[in-house]
Structures are given as structure tokens and as C-alpha cells.
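K.L.:
Sharing a structure here in C-alpha cells format.
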Amino acid sequence: MTKIDRAASTAAWLIVGCMLIHNMNALWLEPTYLGFVDKAKDYGDMGKILNAQFSFSFISSGSAHIVCGFSVLILGLGLHYRFLGRHPVGARLLMLAALLSGLGFLLTGISDIPGAVYAKILREQNPDYAATIMLINTLIRSVVNVLAIVGLSWLAGQLAWLMGQTREFPRWFVWYGWLMVLPGLFSFPFPPAGFIYLQLTIVWAAALAIFLRRPARP
């Protein structure tokens, strides 16, 4: 196992940890303590967003997005090198998908923490535009989060195609990779539906973390 494989495997485990934090927040903390029950409506309620902005749930989620962003980039780099000799174009597309997804997660985390601080400063200095500032911050955060989800789905689909060509990992993981494409597709007509990636990614990233510890096939 090479150093880049080891780094990519570690990055995949970090992604698993980040997804566990997101699921804890989305399925327990936010509905129970912050009132986010209907994702299609409650995340558009600026009163609830303002109340939750500096809560443990939002801060931990933002931190997890930042860690996830860097981890996806490292994972993409490891997968790129693993397949480069056999499928140069496919390997480069893997890296491009990882760049898009990693950037999306990083921007989401930046919007969650330093972006929220900037928004607070702007609201205090411009109270007449407080609601508008909240709406702009929320819209930017939502759009970059969709970029992260779409990029991750592309990464999983591109990897599934490469594995179908090389038989690098088990066949079930190929089909699971195609399943991971669905959140990205669902994000276009109805963005909240894309949040199924939170559950799907746990198994996908954990399996990758294990498989990347195995030597690459010649």
C-alpha cells in the first residue's frame, strides 16, 4: 500500500465521521432542539435559521463540512493516482469531480461559520436589511451545498464506471456507486431530496476506506 492510498483511506474514514455528525444533527439535534422538522420549509424560515446559527448543531455541521471538503480532495487525489495508469481520462475526471465536490463542501463550511459571523456583523450595522442579509447568506450556502452533493455523486458514478472496467473493487460496490448518483440527480428538480446522500455516503466512504488499503490490481 502506497502513502497516497493510506492518505486516501484515512480521508475516507474522515468523511464517514463527518457524515455521522451530519446525520446526528439532521435526524436528532435539529428536529428535537431547533425545530427543523420539514426540510423543504423550515430551512427557508429565517427566524429558525437565525436562532440556530451559532448553535452546537450548526457549528459542528459547518466544521464537518470543512473537514469533509479537504478529505474529498485527498480521496480524489488517491483515486486519481490509483487509476491513472489504466484509465488516464477516467482518472482525471475523478479528480475533477473531487475538486467540485471538495470545493462545494469547503464553501458550505465557510458559509456556516465565518460567513455567519460576517452576516451577523452586517446585520448589526444594517438593521434595515437584516432579513435580506439572512436570505442572501442562506441562498449562497444552499447553492454551494448542492455543488458539493452533485460533485460527490459524479465522483461516485465515475468511480463506479472505472471499477466496472477494472474489477478493482467488489461488484456490489459498483452498483452502490451508481446508487450514489441519485442524490446529485434529485438535487436538480428538488434540492432537499439530494440530502439522501447523508445516509448513502456512510457505507460508500467506509467501504472505500477498507478497499483502498488493498494493493492496486496491475
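K.L.:
With θ taken as phi - 60° and the coefficients 6.51, -1.76 and 1.60, list the Karplus ³J(HN,Hα) couplings across segment 13-26 in order, rounded to whole Hz; mark glycine and proline as x.
P.N.:
5, 5, 4, 4, x, 4, 5, 5, 5, 4, 5, 4, 5, 5
K.L.:
Can you classify the chain as rounded, prolate or oblate using the Cα gyration tensor, where a ≥ b ≥ c are the square roots of its eigenvalues, rounded means a/c under 1.5, and otherwise it's prolate if a/b beats b/c and oblate if not?
P.N.:
Taking the square roots of the gyration eigenvalues as a ≥ b ≥ c, the chain is prolate.
K.L.:
Can I ask one more? Taking a ≥ b ≥ c as the square roots of the eigenvalues of the Cα gyration tensor of segment 1-84, is the shape rounded (a/c under 1.5), prolate (a/b larger than b/c) or oblate?
P.N.:
Prolate shape, in that a/c is at least 1.5 and a/b is the bigger ratio.
K.L.:
Per residue, how much accessible area does segment 1-95 have with a 1.4 Å probe, in Å²?
P.N.:
Here the per-residue accessible area is 47 Å².
K.L.:
Within 10 Å, count the other beta carbons around each residue, average over each peptide in 184-191, 155-162, and list them highest first.
P.N.:
My ranking of the peptides, most packed first, is 155-162, 184-191.
K.L.:
Another one. Ignoring everything except DSSP H segments at least 4 long, calculate the 222 nm mean residue ellipticity for the chain; use -39,500 (n - 2.57) per segment, divide by total residues, nearest 500.
P.N.:
About -25000 deg cm²/dmol.
K.L.:
Moving on. Taking K48 as the anchor, which lysines have their alpha carbon closer than 21 Å to its alpha carbon, excluding any fewer than eight residues away along the same chain?
P.N.:
K39, K120
K.L.:
Could the peptides 173-180, 39-46 be put in order, highest first, of the mean number of other beta-carbon atoms found within 10 Å of their residues?
P.N.:
Result, highest mean Cβ count within 10 Å first: 173-180, 39-46.
K.L.:
Give me a comma-separated list of calculated 3J(HN,Hα) values for segment 187-199, in order, Karplus coefficients 6.51, -1.76, 1.60 applied at θ = phi - 60°, integers in Hz, x for any Gly or Pro.
P.N.:
Computed from phi, the couplings for segment 187-199 are 5, 6, x, 8, x, x, 5, x, 6, 5, 4, 4, 7 Hz.
K.L.:
Which of the aspartates and glutamates could be linked to K41 by a straight reach, that is with a Cα gap under 14 Å, when you skip same-chain ones fewer than 8 residues away?
P.N.:
K41 reaches E30.
K.L.:
Give the Kirkwood hydrodynamic radius (Å, one decimal) of segment 93-191, defined as one over the mean of 1/r across all pairs of different Cα atoms.
P.N.:
It works out to 15.1 Å.
The values are calculated or read from the model by the stated rules, or taken from the named source; none is laboratory data. Please read these numbers as outputs of a predicted model, since none were measured by experiment. Cβ: placed from backbone, ideal geometry, glycine included. Neighbour counts: every protein chain shown. What goes into the accessible areas is simple: the full protein's heavy atoms, side chains included, and nothing from ligands, DNA or RNA. Shrake-Rupley method; radii C 1.70, N 1.55, O 1.52, S 1.80 Å.
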